[in-house]
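Data block below; observations after.
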Amino acid sequence: MINVFIDGKEGTTGLQIFERLGKRDDLRIRTLPEPLRKDVDARRECINASDVVFLCLPDAAAIESVSLCENPKVKIIDASTAHRTNPAWAYGFPELSAEHREKIVRSNRIAVPGCHASGFISLVYPLVSQGIVEPDYPFVCHSVTGYSGGGKKMIAEYEDARRDISLDSPRQYATRQQHKHLPEMQAVCGLAYAPIFNPIVADYYSGMCVTVPLYTRLMRKKMSPLQMKEFFAEYYASSSFINVAETGTYLPANSLVGTNQMQIHVDGNEERLVLASVFDNLGKGASGAAVQCMNIAFGLDECVSL
């Protein structure tokens, strides 16, 4: 029996993890009563008595929780931004390479990728690691997400009957190019420069479409749309959750809601390619990825609960 503690169960990601794990008979989920939810001593006790701890907290609180762990056998899976660029932590995207998967197996510290970053990295890491584009390629990334990615406060704003009319329209944000996912996107892909990143939140609950356009003339190895599709299909051929899909007239961002699936789309022409990664920001972009990492870390079927 695996003892699980979700530190921050009341947040969007924590609730999703709780729901995904709640029906399993190989786990025992430890919880704290409401009055003790933020009590340091109570959290310390739960953390050290668990086999795996999910951190669904703001960065500072996640760092504090890690400091409370005194049992070297406890596996910590952190869904915050705090440890994603820390080389001592495993980066929780096992499909990227055999090395990424093996580090998740061996490590007791696993950082769950960010949602926007997951889409960007799923497209760019293979291109850079396989020498198709150089690390100094001037990447641009557009990302459309549902409002659940903003957490409880944003969900409440969008679902308020008296909400501001501006919420009816898609809204760009982080225009000063200081989004918290940028360091992760650059570091994991080994880029010489951070990409220009254009995140957009829209009036639907969940689902995400992350798009990376490419000029083929700037690529180290020029590819046609068909060749690029074949490249990604081969790269992710062994993946349980990532596959290459055909693109229709429209590419909706919410087609994989409620799943841990991710679809890679390739379109364009001989001069300009459009790569897109579609997934659920609450699934492969958060809670699904966290549960997948737990399954791998304990030698279980990675698809359980997903």
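Quick notes
Condition check ((1) surrounded by fewer than 21 Cβ atoms within 10 Å (Cβ to Cβ); (2) modelled with pLDDT under 95; (3) in a helix (DSSP H, G or I); (4) in contact with a His (Cβ under 8 Å, 6 or more places away or on another chain)) across all residues:
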site: ALA42; (1), (2), (3), (4): yes, yes, yes, no
site: SER50; (1), (2), (3), (4): no, no, no, no
site: PHE54; (1), (2), (3), (4): no, no, no, no
site: ALA60; (1), (2), (3), (4): yes, no, yes, no
site: SER65; (1), (2), (3), (4): no, no, yes, no
site: ILE77; (1), (2), (3), (4): no, no, no, no
site: THR81; (1), (2), (3), (4): yes, no, no, yes
site: ARG84; (1), (2), (3), (4): no, no, no, no
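- Count of the stretch 192-239 residues, restricted to those that are within 20 Å of the chain's Cα centre (by Cα) and not aliphatic (A, V, I, L, M), is 15.
- Test: residue in the stretch 250-270 that is outside any strand (DSSP E or B) and of a type in the set (D, E, K, R): yes
- Remark: pairs (first residue in the stretch 160-173, touching a residue at least 24 places away in the same chain (Cβ under 8 Å); second residue among the small types (Gly, Ala, Ser); Cβ separation under 6 Å; 6+ apart in sequence or on different chains) = PRO170/ALA202.
Residue-wise test of (1) of a type in the set (A, V, I, L, M, F, W, C); (2) buried (at least 19 other Cβ atoms within 10 Å of the Cβ); (3) not assigned by TED's automatic domain parsing to the domain that holds LEU21.
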| residue | (1), (2), (3) |
| --- | --- |
| GLY258 | no, no, yes |
| GLN263 | no, yes, yes |
| LEU273 | yes, yes, yes |
| ALA290 | yes, yes, no |
| LEU306 | yes, yes, yes |
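- Within the stretch 122-150, residues that are more than 20 Å from ALA192 (Cβ to Cβ) and touching a residue at least 24 places away in the same chain (Cβ under 8 Å) reach partners that are aliphatic (A, V, I, L, M) and assigned to a strand (DSSP E or B) with beta carbons closer than 6 Å, at six or more positions or on different chains, in the pairs SER143/VAL210; VAL144/ILE200; VAL144/ALA202; THR145/VAL201; THR145/MET208; TYR147/VAL201.
- Any chance ILE242 is hydrophobic (A, V, I, L, M, F, W, C) and either over 18 Å from the mean Cα position of the chain (by Cα) or under 24 Å from ILE155 (Cα atoms) (or both): no
The values are calculated or read from the model by the stated rules, or taken from the named source; none is laboratory data. Note that the coordinates shown come from a computational prediction; the quantities given were computed from them, not determined experimentally. Every residue, glycine among them, receives a Cβ derived from its backbone with ideal geometry; neighbour counts consider all protein chains shown.
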